[in-house]
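Reading through the structure tokens given below for one structure.
All of the numbers you see were taken from the coordinates with simple rules; none came from a lab. Small disclaimer: the values here were computed from a predicted structure and weren't measured. Virtual Cβ from ideal backbone geometry, glycine too; neighbours counted across all protein chains shown.
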Amino acid sequence: MDARIASDCRMTSPTRPDDRPRAESDLPAAWTFFRQWLRNPLTVAALSPSGRQLARQMIAELPHGTERVIELGGGTGVFTRALIGHGIRPQDLLVLELNETLYQHLRTRFPDCHVVCGDARELEAIAARCGFLAAGPADAVISGLGLLSMTRRTQADILNAAFRVLKPEGRFVQFTYGPKSPVGRDLLAELGLSVRRGGFAWWNVPPATVYVYTRNRSRGIQAVRADARA
Ligand SMILES: C[S@@+](CC[C@H](N)C(=O)[O-])C[C@H]1O[C@@H](n2cnc3c(N)ncnc32)[C@H](O)[C@@H]1O
């Protein structure tokens, strides 16, 4: 699938004070999302968009001083809006969405961001093609993907692609509705990654837990030493 890239984006910030998932003004987005879930329940992987409490807890896991972020599975843009509200410049945000209808929705709502209709497994090629990598690797990947319902192979492809476009100390931030990390210990060991549990969003529908994946320290040190020798 060709990557389509929008180069402009409007700055918007959240105004609703509470943590419940939707305000009246979000209903059209929730309806669009629900219709896409009816058509593609496995890839959309949720009945409704994430709530603001979960968005805040995802953003709380960004490394200090984060400037450039990649979002996987943007949906209707709940995390996108929160990232911009947090101060990430739209031009420093790359949002990938596989579903064509949701991609069009994101493109209209965030015309100043890099918004691409594409598969997270092809993240490295997409990020290079749209020029996002010209300014260097990203500080963080914020993932709204339904990793839990993906095969081990797909999880591995996505994590590999993500860590190829992240800084050595970069973080992959993921939420899940399940009781434990959606990526198993054996796969983490194979990929040289560590995981830690982040916040829990009680008010989300359904409640969700945040997990943060990073490179194992020993591998990071090896990579730095190899760079220093080159
Ligand atoms: C659980 S929804 C989360 C949407 C949004 N981030 C939120 O929290 O409301 C997962 C999203 O990932 C998208 N998606 C699924 N597989 C994908 C893939 N391989 N590459 C990019 N996006 C994907 C779906 O179309 C859907 O919009």
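Just a few scattered comments:
- For Arg152: the one exception among (1) farther than 14 Å from Leu72 by Cα; (2) in contact (Cβ under 8 Å) with a residue 40 or more places away in the chain: (2)
- Count of residues meeting criterion [within 16 Å of the ligand (Cβ to nearest atom) and closer than 14 Å to Phe110 by Cα] in segment 78-91: 9
One line per residue, one yes/no per condition, for (1) touching a residue at least 60 places away in the same chain (Cβ under 8 Å); (2) near the ligand (Cβ under 8 Å from one of its atoms); (3) farther than 28 Å from Phe34 by Cα:
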{"residue": "Thr76", "(1), (2), (3)": "no, yes, no"}
{"residue": "His105", "(1), (2), (3)": "yes, no, no"}
{"residue": "Pro111", "(1), (2), (3)": "yes, no, no"}
{"residue": "Gly118", "(1), (2), (3)": "yes, yes, no"}
{"residue": "Arg129", "(1), (2), (3)": "yes, no, yes"}
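- Selected residue (only one of Arg171, Arg196, Arg164 is surrounded by fewer than 20 Cβ atoms within 10 Å (Cβ to Cβ) and either farther than 26 Å from Glu67 by Cα or away from the ligand (no atom under 16 Å from the Cβ) (or both)): Arg196
- The residue of segment 96-116 that is surrounded by the fewest Cβ atoms within 10 Å (Cβ to Cβ), among those that are closer than 19 Å to Ala128 by Cα and among the aliphatic types (A, V, I, L, M), is Leu98.
- Test: Val165 is in contact with a Gly (Cβ under 8 Å, 6 or more places away or on another chain) and touching a residue at least 40 places away in the same chain (Cβ under 8 Å): no
- Inter-residue pairs, beta-carbon under 6 Å, first under 17 Å from Ala120 (Cα atoms) and within 12 Å of the ligand (Cβ to nearest atom) and in segment 56-73, second of a type in the set (A, V, I, L, M, F, W, C) and in a loop (DSSP other than H, G, I, E, B), 6+ apart: Leu72/Leu145; Gly73/Leu145
- Flag for Ala156 being among the aliphatic types (A, V, I, L, M) and within 23 Å of Thr176 (Cβ to Cβ): yes
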